[in-house]
Amino acid sequence: MRDTHWKSYKNGFLSNMKVYRTIDEISFREDSILTLGTFDGIHLGHQKIIENLVYEARQKKARSVLVTFYPHPQTVVNSRRERIELLTPLNEKVEILENTGLDVVIFIPFTRELANTEPEVFIEDLLLKHVGIRKFVIGYNHAFGRGRRGEEKLFQELGKRLDFSVEVISPVMMDGESISSTRIRTLLKEGNVRRANRLLGWNYSLYGLVKKGEKLGEKIGFPTANVDVLGENKLVPRDGVYAVIVKIEGEKLTGMANLGFKPTVQGKRRGLEVHIHEFEGDLYGKRLKIMFIQRLRDEKQFDSMDALVTQIELDQQKSMELLSKYIRR
């Protein structure tokens with residue numbers, strides 16, 4: 001696959017990020033400053049590492065390089081075959097990284113052979129020879145390679161032998177806890193999207209295509225878009241009703257989303273429905289980005305359609321008030 005270019009403008013500079021799907025495609029530059037990791041979620045802790053990397057590379061007129069893996073390593077090494085739920089599948093990860101100012105992102109294919117590779121071999125035979133290394137910027141708890149031996153001590157030892165420096169970035173703390181992808185996944189599964197968003201530094205989102213539905217919402221005065229969620233192994237938050245911002249073809253609108261089974265109308269399949277406030281138009285076949293802002297309540301079964309409509313009216317009022325500060329009409 002050839003390198004792909006994404007242009008973005010952030011913090012006053014134009015970025016032209018190159019994305020490679022194998023390490024053989026990248027050209028060698030001895031002044032490369034690297035970071036290495038899975039970076040699922042690209043949360044505030046990840047962002048601190050990337051910001052330090054990009055800043056130093058620009059100060060030294062060097063090349064900033066983020067090395068990551070696809071698929072997620074746990075999908076390969078997890079012997080229990082459990083489904084890995086991702087915060088940022090491949091396309092979403094690229095979308096976020098393109099706004100960081102990085103020069104290069106490499107997605108190395110992750111295999112069992114690579115999982116069993118000694119970290120010394122990975123750094124010297126792959127990264128040093130194919131990419132070039134002037135410096136590594138890593139997180140405080142970084143570990144990779146066979147037996148997860150690739151920790152700070154080994155990086156420092158290799159740096160002395162192979163002539164590169166190592167900078168270790170301290171954890172980002174919030175309310176007494178260090179930020180991690182594992183913690184964010186737990187929060188989302190609990191439905192606490194507000195807290196998860198604070199740790200991410202961005203609003204957790206689902207992407208999806210609008211499909212044809214039964215138009216039950218339209219019959220009760222609240223038309224909804226039935227959304228097929230995109231993204232392999234994408235983590236979907238806990239069932240319930242949420243205040244959301246919906247991005248359609250570049251336009252941001254407020255709305256509310258229902259995740260679950262629609263028990264009042266005997267729904268049998270888990271789904272995602274979105275009602276956009278004060279919107280008229282046909283969304284069928286369109287791609288939506290649904291940003292979760294706050295969970296409003298559990299999904300529940302109502303005794304009648306009238307009771308359901310009354311609750312939806314309350315949900316709409318609450319969500320519109322909550323979201324008024326995000327989007328000014």
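Within the range 305-318, residues that are on the phi < 0 side of the Ramachandran plot reach partners that are β-branched (Val, Ile, Thr) with beta carbons closer than 7 Å, at six or more positions or on different chains, in the pairs MET305/ILE220; LEU308/THR264; VAL309/ILE220; ASP315/VAL241.
Condition check for PRO171 on (1) modelled with pLDDT under 95; (2) in a helix (DSSP H, G or I): one failure, at (2).
Residue-level check: of (1) without any contact (Cβ under 8 Å) to a residue 12 or more places away in the chain; (2) farther than 22 Å from PRO237 by Cα; (3) assigned to a loop (DSSP other than H, G, I, E, B), ARG269 misses just (2).
All conditions in (1) outside the structural domain of GLY281 (by TED's automatic domain parsing); (2) farther than 30 Å from SER27 by Cβ; (3) touching a Leu at 6+ places or on another chain (Cβ under 6 Å) hold for VAL137, with the sole exception of (2). Screening the range 58-87 for residues that are more than 21 Å from ALA115 (Cβ to Cβ) and of a type in the set (S, T, N, Q) and picking the one that is surrounded by the fewest Cβ atoms within 10 Å (Cβ to Cβ) gives GLN59.
Table: residues versus (1) crowded, with 20+ Cβ neighbours inside 10 Å; (2) over 28 Å from TYR70 (Cβ atoms); (3) touching a residue at least 60 places away in the same chain (Cβ under 8 Å).
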site	(1), (2), (3)
ARG161	no, yes, no
PHE164	yes, no, no
VAL168	no, no, no
ASP175	no, yes, no
ARG194	no, yes, yes
GLY208	yes, no, yes
LYS211	no, no, yes
VAL229	no, no, no
GLU232	no, no, yes
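A Cβ distance below 7 Å, combined with a sequence gap of six or more or placement on separate chains, defines the contacts here; from the range 55-75, residues that are in a loop (DSSP other than H, G, I, E, B) reach residues that are basic (Lys, Arg) in the pairs ALA62/ARG134.
Residues of the range 127-158 that are outside any strand (DSSP E or B), modelled with pLDDT of 95 or more and surrounded by 15 or more Cβ atoms within 10 Å (Cβ to Cβ): LEU127, LEU128, HIS130, VAL131, GLY132, ILE133, ARG134.
The values are calculated or read from the model by the stated rules, or taken from the named source; none is laboratory data. Since the model is a prediction, treat every value here as computed from it, not as a measurement. FYI the Cβ positions are ideal-geometry reconstructions off the backbone, even for glycines, and counts take in every protein chain you see.
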